[in-house]
Amino acid sequence: MLPKENQPLAPLTTFGIGGPARWFVDATSEQDVSEAAAWAHQRNIALLVLGGGSNLLVSDAGFNGLVLHIALRGIEAETSEPDSGQPGSQVYRVAAGEDWDSFVSRTVTDNCAGVECLAGIPGTVGGTPAQNVGAYGQEVATVIDRVRAFDLESRAFVEFTAAECDFSYRRSRFNSSDRGSFVVTRVDYRLMPGGPPTVSYPDLRKAIEAHRTHAAGPTLIEVADVVRQVRRAKGMLLVEGDPDCRSAGSFFKNPVVAVKVFRQIAAQRPNAPHYPAGPELVKIPAAWLIEQAGFTKGYARGPAAISSKHTLALVNRGEQGRSATANEVLALAAEIAAAVEVRFGIRLEREPVLLGL
């Protein structure tokens with residue numbers, strides 16, 4: 001294995017920000033993954049796993065280590081027949097480097113339900129279990145069957161059931177207790193052939209009604225298409241040439257708070273949007289909190305700005321030909337988080353991963 005040297009990272013991220021990697025390698029097989037890990041271990045070099053670069057903010061100084069770019073490809077599908085009263089299912093075994101949205105397109109074309117509301121989310125399959133990717137009433141935790149990964153400590157391949165992944169809202173063992181310990185190489189999803197689409201979110205139901213051209217209920221393909229249109233309207237769909245797409249999507253997680261905390265907010269703002277999030281817990285849209293704290297779409301600190309389409313996304317809009325720096329994005333994020341905390345007593349949690357910052 002011969003890594004490249006001083007590989008620019010900014011073009012490999014959706015933010016378009018960051019300096020070079022000291023060393024860089026494309027992994028197209030599990031053997032590449034194990035060899036790269038051994039190479040870094042032998043030299044006592046830090047290792048970073050890079051997928052689609054859609055949830056990453058890289059330091060302008062770059063990364064003084066080895067970047068392992070996951071480029072494994074391949075999808076296998078297997079149908080299980082109904083058994084003992086249990087419905088049949090379709091299991092997709094998907095290599096970590098596969099484009100996520102392309103995989104969603106494959107599943108809805110196959111008429112398999114379970115990820116149709118996650119259409120249009122940028123990135124690769126390998127990143128979905130780490131963040132427990134979710135949107136519009138769905139999250140991958142409910143359909144992941146197994147995750148295969150390389151254990152960087154034992155230097156062996158291991159597999160985890162969904163229960164062993166410790167999923168919770170936007171969390172898993174891979175981005176919390178075991179952060180940096182595993183390299184995901186494959187994810188297995190168990191979907192429902194012929195199952196109905198999930199249309200639980202009011203905003204999504206409204207958009208589907210607006211686009212409906214027939215009396216029958218929406219198909220999985222139609223729901224996925226509407227989700228992409230909604231995401232595009234919010235600047236959350238990667239579209240070439242759209243400055244609002246130079247971002248990492250949602251920069252902040254929607255906070256989950258105790259019911260008593262939400263009641264204090266609702267006493268002053270009776271129309272505050274909220275969603276159930278478990279026993280005595282409520283999820284509040286971070287975008288609403290940001291707007292109520294005084295920030296508007298398009299607000300900017302130089303070339304770092306809030307998207308002109310959605311207050312939850314921070315963008316690298318560039319200014320007079322100069323890209324935003326990572327520190328400028330973080331300064332804007334800190335300003336927003338501080339204002340929300342002063343106004344509501346809620347500390348917003350960052351969603352993108354920081355590299356070298």
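Data overview
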read-out: Per-residue [θ]222 nm for the chain (sum of -39500 (n - 2.57) over DSSP H runs n ≥ 4, rounded to 500); value: -7500 deg cm²/dmol
read-out: Dimensionless Rg ratio for region 65-224, taking C-alpha atoms and the 2.2 N^0.38 Å reference; value: 1.09
read-out: Residue among A337, A272, A304 with the largest mean-square fluctuation in a Gaussian network model of the chain, springs linking Cα atoms under 10 Å; value: A272
read-out: Modelled FRET efficiency - R0 25 Å, R179 with N6, Cβ distances, 0.05 increments; value: 0.40
read-out: Sequence-separation-based contact order of region 4-70, relative, with Cα cut under 8 Å and 6+ spacing, percent; value: 44 percent
read-out: Too-long pairs where the Cα-Cα distance tops 31 Å, listed order kept, from K4/K297; K206/K253; K206/K297; K206/K283; value: K4/K297
read-out: Order by protection proxy (mean Cβ within 10 Å, highest first), peptides 232-245, 322-335; value: 322-335, 232-245
read-out: Region 168-272: C-alpha gyration tensor shape, a/c 1.5 cut-off, then a/b vs b/c; value: rounded
read-out: Length-normalised contact order for the chain - Cα pairs under 8 Å, 6+ apart - percent; value: 17 percent
read-out: Shape of region 149-194, Cα gyration tensor, a/c cut at 1.5; value: oblate
read-out: Over region 75-193, relative contact order from alpha-carbon pairs under 8 Å, at least 6 apart, %; value: 31 percent
read-out: The chain: most fluctuating residue of P197, P270, P285 per GNM, C-alpha cutoff 10 Å; value: P270
read-out: Stokes-Einstein D in µm²/s, Kirkwood radius over Cα pairs - region 4-70 at 10 °C with 1.306 mPa s viscosity; value: 134 µm²/s
read-out: Cut-off under 5 Å, modelled amide H: who pairs with G195 long-range; value: A113
read-out: Beta bridges by DSSP in the chain, antiparallel share as percent, to the nearest 5; value: 80 percent
read-out: Pairwise label distance in nanometres, Q229 with T296, each label 7 Å out on the Cα-Cβ vector; value: 2.9 nm
read-out: L330 paired with A61, simple spin-label distance in nm, labels 7 Å along Cα-to-beta-carbon; value: 1.0 nm
read-out: Rg over Rh [alpha-carbon atoms, Kirkwood Rh] for the chain; value: 0.97
read-out: Convex hull of region 243-355 built on C-alpha atoms - directionally averaged projected area, nm²; value: 7.2 nm²
read-out: Least to most buried among E35, E222 (fewest other Cβ within 10 Å first); value: E35, E222
read-out: Full-stretch length increase - T109, H214 - with 0.36 nm per residue and alpha-carbon distance subtracted; value: 35.9 nm
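No lab work stands behind these numbers, since they all come straight from the coordinates. Small disclaimer: the values here were computed from a predicted structure and weren't measured. Reconstructed Cβ throughout: ideal geometry from the backbone, glycine too, with neighbour counts over all protein chains shown.
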